[in-house]
1. Can you tell me the orientation of helix 9-25 relative to the chain, as the angle in degrees between its alpha-carbon axis and the longest Cα principal axis, to the nearest 10?
2. List Arg59, Arg95 from most exposed to least, where exposure is judged by having the fewest other Cβ atoms within 10 Å.
3. If you take Cα Rg over 2.2 N^0.38 Å from the coordinates, which of (i) 0.96; (ii) 1.38; (iii) 1.05 do you get?
4. I'd like the orientation of helix 29-46 relative to the chain: the angle between its Cα long axis and the longest Cα principal axis, in ° from 0 to 90, rounded to 10.
5. Between Asn57 and Val12, what is the label-to-label distance in nm when each label sits 7 Å out along the Cα-to-Cβ direction?
6. So, with +1 on the Cβ of K and R and -1 on the Cβ of D and E, and no other charges, what is the size of the charge dipole of the chain about its Cα centre, to the nearest 20 debye?
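We did not get these values from a lab; they are worked out from the coordinates using the rules stated. Here the structure is a predicted model, which is why all the values come from computation and not from measurement. Neighbour counts run over all protein chains shown; Cβ positions are idealised from the backbone, glycine included.
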Amino acid sequence: MSYLFVVRDAAVEDAADVYAWYETQTIGLGNRFLMALDDCYAFIEANPLGYQLRKDNFRYARVEGFRYFRVVYDVVGTNITVYQVRHTSRRPSKRFGP
């Protein structure tokens with residue numbers, strides 16, 4: 001089955017913030033984060049139901065190599081929507097959970 005994969009602006013901004021922070025820590029680490037995030041997106045697109053349902057039908061995918069970051073997404077019909085890229089120790093979101 002073919003899916004439409006959409007990354008919301010808020011998730012793009014989240015990823016840009018993470019990239020910028022990692023680059024201030026070690027040059028090149030931000031790029032490694034973005035490559036790991038792209039791999040995570042590719043896995044989600046290939047296996048959208050591969051992660052179990054969580055709060056309010058959202059699914060959480062971990063970013064490999066950056067264990068404290070996860071991608072929050074949902075699957076509705078043939079649409080995959082990424083809502084958030086977040087650090088798991090951040091204050092829990094009322095909408096997306098911890």
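1. Around 30 degrees separate the two axes.
2. In order of increasing Cβ crowding within 10 Å: Arg95, Arg59.
3. Working out Cα Rg over 2.2 N^0.38 Å from the coordinates points to (iii).
4. Approximately 10 degrees, to the nearest 10.
5. Modelled inter-label distance: 2.5 nm.
6. So the dipole magnitude of the chain works out to roughly 560 debye.
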